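One structure is given here, and the rest of the page talks about it.
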Amino acid sequence: MEIVRKTGWETLLLFVLCLAAFFVNNNMLPTDPAEAKTIVTAREIVANDNWMSPTMNGESRIDRPPLAVWVAASVEKVYPGNISVQRSVVALLATMWALFFYGVARYMERRRGFAELATVVFLTSYNVIYHGRMVHQDIYGYSLMMGAIYFLFRLLYDERYYAYPHKWRWAILAGFMMGLSFLGDGIEPFYSMLLPLIIVILLLKRPAMEGRWMPLVLLCVICVLTFGWRIAYLMSAYPEYHLAGELSVYASDSTRPWYYYWRFFAEMGVWTLLLVAAFFIPYWYKRLSTKRLYGMSMAWLVIALVLLSAIPNKEMTDLLPLVPPCALIVACLLFYFTERWPKDKWGKGLFFANGYLMTLLAFGLPFFVHFRMTNWYIIDFGTSVFIAFFLFAIAIYLLFSTTRKDMTGIVRGVTVLFLIIECFMLGAVGNIFINPKYRSISLLQKNGELKSLPIYYNKEEALRIELVYAANKSILPLDLNDGEAVEKAAPCLLLTQKSLASESPDRLLQRVDTLHLGVYDDNRLPRHNRHYGKALVNHVTMLKPKANSQ
């Protein structure tokens with residue numbers, strides 16, 4: 001049985017969704033710590049021309065996967081300081097991830113329209129949109145690993161659909177993509193995405209292995225060679241390097257309890273209700289025509305969640321590899337509602353609850369635009385009327401589709417809603433949460449007198465990497481109790497979280513002249529936000545040699 005090949009409006013829609021999700025307004029989101037680390041490291045690679053042993057703020061980063069910083073450094077060399085170009089490269093990777101996911105979905109369920117439906121769910125998930133717009137190393141690992149999964153499926157299952165399967169070709173491509181994934185984000189994509197799927201394949205969809213063992217061996221060899229050469233180089237060039245350093249991130253101080261990821265389903269955004277409902281497994285297994293895929297996807301999700309929960313170090317951003325199985329599960333439910341109308345009250349109630357909830361969200365957005373954007377002068381009145389018109393139209397369409405029991409219409413309405421938000425509202429929404437007292441230390445670099453001065457911070461305080469990113473230069477520690485070191489560092493700029501007079505001993509102020517330049521707040525978010533960081537608020541003081549010490 002051959003896989004249907006077609007290029008229709010659904011395929012075109014996927015490209016349009018990728019364009020809106022990852023490329024449009026890609027410079028609107030503020031830089032987060034993970035992005036700052038990548039770009040700071042890339043800047044230092046270019047400045048020091050040291051590609052094999054990168055540093056971040058002068059400290060070695062050889063124990064971190066290098067692919068993301070190598071790509072960012074290449075972009076930095078050609079387009080220095082251009083965050084939009086940096087994020088466009090990441091957007092290409094996110095698009096590649098979506099297209100490979102589309103290919104995997106077609107292999108897992110061959111019915112016409114299912115893969116497009118699953119990819120729409122994938123592309124309208126908050127986690128995917130956010131990471132596809134930020135220069136994170138995660139997107140390198142997961143997009144390339146999804147490519148490896150696609151080619152692995154071609155290797156294992158092509159014989160079922162094509163007369164002439166190209167086993168060696170797919171083995172080479174899968175091994176190369178898998179090796180690049182290790183270079184991009186270390187072992188995490190393998191551990192949290194590929195390993196759970198391999199377990200599911202062995203348990204539920206075991207392929208015939210005749211004639212495939214040698215291609216699989218070649219796959220493993222190419223994978224090891226693709227990322228292993230760097231490890232071999234580091235072990236020979238840096239005796240202090242050890243592979244355990246790359247795994248230390250999984251046992252860092254940011255430990256969480258095993259149940260920390262209990263709210264993982266909320267990462268699916270508008271599809272959360274359907275994902276939660278999908279866990280009533282006995283109900284759906286009796287009714288879904290895609291029950292085999294539903295069972296595989298649910299097993300993939302549960303195994304991945306268990307493996308992630310077993311790691312001591314946990315962050316909500318690590319839930320990105322759960323999006324593909326979640327998208328497949330939600331797509332199974334959506335496909336069910338497009339095929340038939342449920343006869344039981346529970347199924348009908350779920351359909352109407354999901355449809356009316358999305359309708360209510362769409363009806364509420366125009367009022368949000370007016371009261372939080374227009375009244376605060378974030379967007380002008382004409383633009384708000386333009387946006388509100390489309391939002392009300394989408395809300396009415398969603399209401400009409402729900403009333404008519406048309407799940408396809410609901411999916412189309414949600415898709416257009418995301419397009420409107422990404423194209424016309426993303427920048428304005430970001431400005432709502434901007435800190436009104438935002439005053440970045442990047443302003444220091446616009447002052448000709450201050451630009452050339454080195455910058456230090458109090459050794460007793462923590463330094464946020466966002467400050468290094470904003471300063472566009474290294475910020476080194478300075479011991480305020482060491483008068484000679486302070487005197488030697490002057491003239492310079494000093495960052496302290498409190499005023500210098502309250503943090504330094506009196507004898508220090510007797511050895512250098514000081515000029516307080518003000519308080520700089522590099523928080524993009526307002527003070528009442530829970531992510532507001534006090535470490536990003538600093539007093540900036542100029543230290544100068546004593547006039548009489550000349």
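Tabulated data for the structure shown
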read-out: Looking only at region 505-536, and only at residues there that are surrounded by fewer than 17 Cβ atoms within 10 Å (Cβ to Cβ) and β-branched (Val, Ile, Thr), the one that is farthest from Glu466 (Cα to Cα); value: Thr514
read-out: Close pairs (8 angstrom Cβ cut-off, 6 or more residues apart or separate chains): without any contact (Cβ under 8 Å) to a residue 12 or more places away in the chain in region 472-488, of a type in the set (A, V, I, L, M, F, W, C) and open to solvent by less than 60 Å² (accessible area, probe 1.4 Å) anywhere; value: Ala485/Leu478
read-out: Selection status of Tyr161, open to solvent by less than 30 Å² (accessible area, probe 1.4 Å), of a type outside the set (A, V, I, L, M) and modelled with pLDDT under 90; value: yes
read-out: Meets criteria (open to solvent by 10 Å² or more (accessible area, probe 1.4 Å), touching a residue at least 40 places away in the same chain (Cβ under 8 Å) and part of a helix (DSSP H, G or I)) for Val46; value: no
read-out: Val69 farther than 30 Å from Ala237 by Cα, modelled with pLDDT of 95 or more and not basic (Lys, Arg); value: no
read-out: Within region 277-309, considering residues that are under 23 Å from the mean Cα position of the chain (by Cα) and without any contact (Cβ under 8 Å) to a residue 12 or more places away in the chain, the one surrounded by the most Cβ atoms within 10 Å (Cβ to Cβ); value: Val302
read-out: Residue within region 513-530 that is small (Gly, Ala, Ser) and in contact (Cβ under 8 Å) with a residue 60 or more places away in the chain present; value: yes
read-out: Selection from region 107-125 of residues that are buried (at least 23 other Cβ atoms within 10 Å of the Cβ) and assigned to a helix (DSSP H, G or I); value: Ala115, Leu117, Ala118, Thr119, Val120, Val121, Phe122, Leu123
read-out: In region 264-276, the residues that are free of Cβ contacts under 8 Å to residues at least 24 places away in the same chain, over 18 Å from the mean Cα position of the chain (by Cα) and open to solvent by 40 Å² or more (accessible area, probe 1.4 Å); value: Val276
read-out: Near pairs, Cβ below 7 angstrom, 6+ apart or cross-chain, from region 310-327 (under 14 Å from Gly269 (Cα atoms)) to any residue that is charged (D, E, K, R) and at pLDDT below 90; value: Leu319/Glu267
read-out: Any hit, region 247-255, residues being surrounded by 15 or more Cβ atoms within 10 Å (Cβ to Cβ) and without any contact (Cβ under 8 Å) to a residue 60 or more places away in the chain; value: no
read-out: Residue list for region 451-488, restricted to those being assigned to a helix (DSSP H, G or I), touching a helix residue (DSSP H, G or I) at 6+ places or on another chain (Cβ under 9 Å), open to solvent by less than 40 Å² (accessible area, probe 1.4 Å) and farther than 19 Å from Arg439 by Cβ; value: Gly483, Val486
read-out: Every residue from region 169-203 that is more than 20 Å from the chain's Cα centre (by Cα) and of a type in the set (Phe, Trp, Tyr); value: Trp170, Phe176
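The values are calculated or read from the model by the stated rules, or taken from the named source; none is laboratory data. As the structure is a prediction and not an experimental result, all values here were calculated from the model. Every residue, glycine as well, gets a Cβ built from its backbone with ideal geometry; the counts of neighbours run over all protein chains shown. Surface areas here come from the heavy atoms of the whole protein model, side chains and all, with no ligands, DNA or RNA. Shrake-Rupley method; radii C 1.70, N 1.55, O 1.52, S 1.80 Å.
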